[in-house]
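Below: the structure, in structure tokens.
The values are calculated or read from the model by the stated rules, or taken from the named source; none is laboratory data. What you see is a predicted model, and the numbers here were worked out from it, not measured in a lab. All Cβ positions, glycine included, derive from the backbone under ideal geometry; neighbour counts span all protein chains shown. For accessibility, only protein heavy atoms count, side chains too; no ligands or nucleic acids. Shrake-Rupley method; radii C 1.70, N 1.55, O 1.52, S 1.80 Å.
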Amino acid sequence: MLSQAESARRELLGRLARLPLFAGLDGASLSDLADAMQWLALPGGTTLFEQGETSDSLYVLLFGRLAAVRTGADGQARTLGSVAPGECVGEIGLITGDVRSAGVFALRDCELLRLPREAFEKLVAMHPAAMLGMARIALRRNGPNQGAPSVPHCFAVLPVQPGLDVEGFARKLALALGADPAHALVSAAQGQYREPGWFNAREAHSPTLVYLADGDAAWQERCLRQSDCVLLLGEGARPPRLPAPETNPHVPQHLVMLQTGVPPPGSAQVWRSAYPGATAHHHVRSDADLARLARHLSGRAVGVVLSGGGARGFAHLGVVKALREAGVQIDYVGGASIGAVLGAGVAADWTHEQMVDVFRRSFVATNPLGDWTLPLVSLRAGRQVSRRLRAAYGERDIEDLPLPFYAVSSNLTAGHLEAHDSGSLWWALRASCSIPGILPPVLSGGRVLVDGGVIDNLPVAEMRKRLSGEIIAVDVGGSYRLSTQLEETELPPWWRLLPEFFGLRRHPSLAQVLLRAGMVNSDATVQRRRKQTRLLLKPMLDGIDLLEWKEFQRAIDLGYEFTRRKLEESRDALLAEPAILPK
């Protein structure tokens, strides 16, 4: 029978042999490597090494989770990815002799093996061929998880108000994450006085753990140190009661607001102000919202991005209807121009019938661009558009929407795309659809904001910044082409003054030219966006012009039928993992 020491050594050799970095080492090399390794405990929140430090060691993570963070020339720190148990970190700098290219921090309590430079050089001298192979494997790597977003596996549910059913919420969350609550939930009664090894064994048995951080201060602190993500749980209808916890700055905090019905306007902003360290917030009204939260946390959320395109944008309503009928769970919405205006209805969790009713009244019953004005900065005054946006969405903030949402505008002052994901919803939509020359720009804080389609008519890149899951993009403007039957020499200038209904004016209107001109710059980005999406939908909308608001229902029908066909044609491919369609 093996002694405890022999059993531990055999387990260590097995662990090292399974690591890709050491897979090519022979038995003797692997044994010498194990002898040279030093055990290291790193509490959650502490630093393993800093960016710019001398590379003096490589590390193998046994338990816990690390984060790699790089500070750029602009002074902004960016998380490159995470290091999971069984992975290595620091090996490239050790081999090349370069300084650390990023800092590495413990997201939670960790146990590691450390190989110092002196021991590494000794191993190279003893086993040159084997260590050369290891070096080649290391240099082919591109950092922790190759820059992939970190997907948490251990969560702390921390109530920020008394009287909440923390265990009931955690149990439902574990099920939504695909874990067995009997193994996933960790309460104070179970773990209060346990040694670190107990938590490691628990995680090895159940990769997803949910800590009930509703005990005393010592237990809460232990939960926070054991977690990759902290969920601050409160009731959205009640004002904040407890102060924000002191947590590891590299561990994300998500504010979870339990709701009954539609979140009241301004409620989310109160909570976000009380807990500014939260990187995201979620409204949970039902089990469906809880499932959406689980998809966000586990990197399986689906984002939908809707393009601009004037009246052709009504096709978005048909597309969304077809996606919902196919069982696609939409978890995040973003858009430009008319895509943002309609996408906000999706983010408000309106039914198809609600959206059709609201947008028919807003855009079809009367012309939203009918308020002509003295053309100093635009042809229309824009007051009707502002009134209709406020009538449709009220005074709610973007943060009050049940689904996460952003709209984009083009900042002509700074010359870049500006994403609006907080503050007044109607105002952000007004900025996003301010077609240059047709509607006046939105002026704010010295900025001149116009239609988001001027810079990016299909803002998929903004969604990718926010989401590690799948993206569906809908482009209703890319196939539109402005054309004419005339040549410049065919008609004298005075001929253009004749009314269009005589059939003698076959050139584009000024409004058509301005609207189309605002979209041309972003057409070239569509192909690049294709690589960032799981599904790019371009409904066939022949015969529908950018300003034909009366084609409302026809555009919806075309978008619906196109998407149904596309989903059916692509169903086998879309059911592959990771999937956006239910199996």
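Could you pull out which residues in the stretch 443-469 have an amide N less than 20 Å from a spot 7 Å beyond the Cα of ALA414, following the Cα-Cβ vector? Output list for this probe position: 443-467.
Shown is the FRET efficiency for GLN192 and SER101, computed with R0 = 56 Å from the Cβ-Cβ distance and rounded to the nearest 0.05: 0.90. Length gained on full extension, SER273 to ARG565: 100.6 nm, using 0.36 nm per residue less the C-alpha separation. Relative contact order, whole percent, for the stretch 18-85 stands at 22, derived from Cα pairs under 8 Å and 6 or more residues apart. Heavy-atom surface analysis with a 1.4 Å probe gives the stretch 216-306 a carbon and sulfur content of 56 percent of its accessible area. Its Cα gyration tensor gives the stretch 151-301 an equivalent ellipsoid; the semi-axes, largest first and in whole Å, are 24, 17, 13.
Net length available on complete extension from ARG466 to ASP557 is 29.7 nm, with 0.36 nm assigned per residue and the Cα-Cα distance removed. Between the stretch 222-260 and the stretch 390-456, the C-alpha centres lie 30 angstrom from each other. The residues of the stretch 205-342 present an accessible area of 33 Å² per residue when probed at 1.4 Å with all protein chains retained. If R0 is 30 Å, the Cβ-Cβ spacing of GLN76 and GLU53 corresponds to a FRET efficiency of close to 0.90. Which value, in Å² and to the nearest 10, is the accessible area of ILE137 when all protein chains are kept and the probe is 1.4 Å? For ILE137, solvent-accessible area is about 40 Å². Multiplying the residue separation of ALA201 and ALA280 by 0.36 nm and removing their Cα-Cα distance gives an extension gain of 25.4 nm. Within the stretch 251-312, the ratio Rg/Rh, alpha carbon atoms throughout and Rh by Kirkwood, equals 1.06. When the stretch 277-357 is described by a simple charge dipole with +1 on each Lys and Arg Cβ and -1 on each Asp and Glu Cβ, the residue from ALA348, GLY303, VAL320 located farthest towards its positive end is GLY303.
Rounded to 0.05, the FRET efficiency of the ALA244 and GLN354 pair, given R0 = 25 Å and the Cβ-Cβ distance, is 0.10. Rounded to the nearest 20, the Cβ-based charge dipole of the stretch 168-218 about its Cα centre (Lys and Arg +1, Asp and Glu -1) stands at 140 debye.
Note on the stretch 8-85: Kirkwood hydrodynamic radius from all Cα pairs is 14.8 Å, rounded to one decimal.
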